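Quick notes on the structure that follows.
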Amino acid sequence: MPAPQQHLFHPTINRQCCRACHACLSAAVCLPGAIQMTKAGEYPVIDVTRCSGCMLCVVVCPYDAVQDSE
Ligand code: SF4
Ligand code: SF4
């Protein structure tokens, strides 16, 4: 598996906070396409190997569910 890109923010979605609102899934949020759905109606997941660390997903999440994994 490729190593995560070298930036300080490594986002993960805390499923205890996430309400599957899908705000973070807008194409305008994650330009590298790192946030993905596994199945319809489920929680999104973040592929850290594609993440640029821009933190936009943190800004748009209304439930503070996107958190630093480190
Ligand atoms: S930090 Fe930026 S690039 Fe990484 S998952 Fe969030 S929106 Fe996508
Ligand atoms: S914006 Fe936040 S609450 Fe909504 S699906 Fe994404 S991580 Fe979950």
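Per-structure values
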quantity	calculated
All positions within the range 10-25 that are touching a Ser or Thr at 6+ places or on another chain (Cβ under 9 Å) and assigned to a loop (DSSP other than H, G, I, E, B)	His10
Residue that is farthest from Gln6 (Cα to Cα) [pool: residues in the range 38-55 that are more than 9 Å from ligand 2 (Cβ to nearest atom) and touching a Leu at 6+ places or on another chain (Cβ under 8 Å)]	Cys54
One residue from Ala3, Ala40, Ala28 being part of a loop (DSSP other than H, G, I, E, B), small (Gly, Ala, Ser) and either modelled with pLDDT of 90 or more or within 11 Å of Tyr63 (Cα to Cα) (or both)	Ala28
Unique residue being touching a helix residue (DSSP H, G or I) at 6+ places or on another chain (Cβ under 7 Å) and more than 12 Å from ligand 1 (Cβ to nearest atom) when the list is Pro62, Pro44	Pro62
Close pairs from the range 22-49: first among the aromatic types (Phe, Trp, Tyr), partner part of a loop (DSSP other than H, G, I, E, B), Cβ under 7 Å, at least 6 apart	Tyr43/Arg15; Tyr43/Cys18; Tyr43/Ala20
Count of residues meeting criterion [over 10 Å from the mean Cα position of the chain (by Cα) and within 20 Å of Gln6 (Cβ to Cβ)] in the range 17-37	2
Every residue from the range 6-25 that is more than 13 Å from ligand 2 (Cβ to nearest atom) and either surrounded by 15 or more Cβ atoms within 10 Å (Cβ to Cβ) or modelled with pLDDT of 90 or more (or both)	Phe9, His10
Filtered residues of the range 6-25 (kept if within 19 Å of Tyr63 (Cβ to Cβ) and among the hydrophobic types (A, V, I, L, M, F, W, C))	Phe9, Ile13, Cys17, Cys18, Ala20, Cys21, Ala23, Cys24, Leu25
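The values are calculated or read from the model by the stated rules, or taken from the named source; none is laboratory data. Predicted model only: the values in this text are computed from it and were never measured. Neighbour counts run over all protein chains shown; Cβ positions are idealised from the backbone, glycine included.
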